[in-house]
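Each remark here refers to the structure printed beneath this line.
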Amino acid sequence: MALLKPFLKLIRWPNLVFIIITQLLFEYCIYRSVYAHNIPDYNHFQFVLLVVASVLIAAAGYIINDYFDINIDLVNKPDRIVLDKTLSRRWALAWHLIFSVVGVVLTAIAVGIFSRWYLIIANIVCVILLWFYSARFKKDLLIGNIIVSLLTAWTILIIFLSKYSFMDAFSQSDTGQGRFFKFAILYAGFAFIISLIREAVKDIEDMPGDEKFGCRTMPIVWGINATKVYVMVWLTVLIIMLLIIQIYVMQFRWWWAVAYCFVFIFVPLLFIFRTLIRAQSTRDYSRLSLYTKLAMFAGILSMIFFHIYL
C-alpha cells in the first residue's frame, strides 16, 4: 500500500480518469443518442475493453515519459518526482512493457484480429510513438506537441472507428453514421487544438530544465513571445470555431447548451487569452496549463447536452 500512492502519481491517475470520462460520454451521450433505441449491433464488452486498453496505453506512456525525463524533472518539478525515490526505474520499465502489451492485446480482443486489424496496428503505433516521444520527439520543435495532440484526439476517434470506418461515414453522410462521424470529428478536433495550446504553454513552463538539457522546444528556438503568438493564433481559431458552432446550434433552440458553452468554454478561453498576454513567471504558465485543461474538460462535458436534446 505504501507504493500505491506514488504509483498512481506516476501513471497520472487524474488524466486516466479524464480519458475514461471522455470515452464514456462519447459512447453514451453521442453514439447512443444518435441512434436512440435503434443501436446497430451494440457490443458493450467491446467498448469496455477499448476503454481499458486506452487507459493502459496512456499509463504506459506516462511511465516511460517520467523514465526519460527524470533529469529534466529534477530541475522543473523536483517535488513531483517518483522514480528513484519510491519506485525503481527498472520496475517502471517493466510496468511500461506490461501495460503496453496488455493494452494492445485487449484492443485485438475487442475489435478482432481480422475484422478491424487497423485499430490494433494504430494502438501499436501509439505505443511506439509514446516511447519515441519520451525518448526524443518531445525535445524537438513542434513534433512532440503534434504527437501528443494527435494521441489525445485518438481517444475519441478509436471509439468511432471501432464501429464504423471513415469511408462508411463519407458514403452515408445523411444517416446516423454520418452524424456520428461529424460529432467524432468535432470533439476530436477540439481535443487536438486545445492540446496544441496546452503543450505550447507547458513548453514555456518547462523551459529551465529543457534548456539545461539541450531540448529544442518552441520557446527555446522561437522565444517566449513568438510562442505566445502561436498559442494566441490557435486560441483565436478555437474561439471562432466555437462561435460558429454556437450560431449553428441556436437554430435548434438548444439554449442551455449555448449558455453552457458560453460560460464554461468560450469565456474561459478568452480569459486564458488575456492571462497569456500578461504571463511572466513559471507559476503563471503553470496556472495557464491548468486553466486550459479545465477548459478541455468543460468542452468534453458538453457531450451531455446531446443526451438531453437528441
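The values are calculated or read from the model by the stated rules, or taken from the named source; none is laboratory data. Keep in mind it's a predicted model, so treat the numbers as computed, not measured. Virtual Cβ from ideal backbone geometry, glycine too; neighbours counted across all protein chains shown.
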Completion exercise
Flagged in region 102-160 as assigned to a loop (DSSP other than H, G, I, E, B) and of a type in the set (Gly, Ala, Ser), in numbering order, are Gly112, Ser115
Completion exercise
Only one of (1) within 25 Å of Thr152 (Cα to Cα); (2) surrounded by fewer than 19 Cβ atoms within 10 Å (Cβ to Cβ); (3) charged (D, E, K, R) does not apply to Lys212, and that is (1)
Exercise for the section: Spot the failing condition for Thr107; the list is (1) under 29 Å from Ala200 (Cα atoms); (2) crowded, with 16+ Cβ neighbours inside 10 Å, and only one is missed. Expected result: (1)
Handout entry: Members of region 277-310 found to be of a type in the set (A, V, I, L, M, F, W, C) and touching an Asp or Glu at 6+ places or on another chain (Cβ under 9 Å), listed by number
Key = Leu288
Completion exercise
Listed by first then second residue, the pairs whose first member lies in region 297-310 and is more than 13 Å from Ala259 (Cβ to Cβ) and aliphatic (A, V, I, L, M), whose partner is at pLDDT 95 or above and buried (at least 16 other Cβ atoms within 10 Å of the Cβ), with beta carbons under 6 Å and at least 6 positions apart or on separate chains, are Ile300/Thr22; Met303/Leu25
Exercise for the section: Output the number of residues of region 219-250 satisfying the condition of being under 19 Å from Ser302 (Cα atoms) and either touching a Gly at 6+ places or on another chain (Cβ under 7 Å) or exposed (fewer than 11 other Cβ atoms within 10 Å of the Cβ) (or both). Expected result: 4
Problem - Residue selected from region 251-273 under the condition within 18 Å of Phe306 (Cα to Cα) and in contact with a helix residue (DSSP H, G or I) (Cβ under 6 Å, 6 or more places away or on another chain), by the criterion surrounded by the most Cβ atoms within 10 Å (Cβ to Cβ) - result: Ile265
Problem - Members of region 106-137 found to be free of Cβ contacts under 8 Å to residues at least 24 places away in the same chain and of a type in the set (Val, Ile, Thr), listed by number - result: Ile113, Ile120, Ile121, Ile124, Val125, Ile128
Handout entry: Condition check for Ile57: among the hydrophobic types (A, V, I, L, M, F, W, C) and within 21 Å of Phe137 (Cβ to Cβ)
Key = yes
Problem - Options Asn65, Asn71, Asn15; residue that is within 21 Å of Met303 (Cα to Cα) and either part of a helix (DSSP H, G or I) or without any contact (Cβ under 8 Å) to a residue 12 or more places away in the chain (or both) - result: Asn15
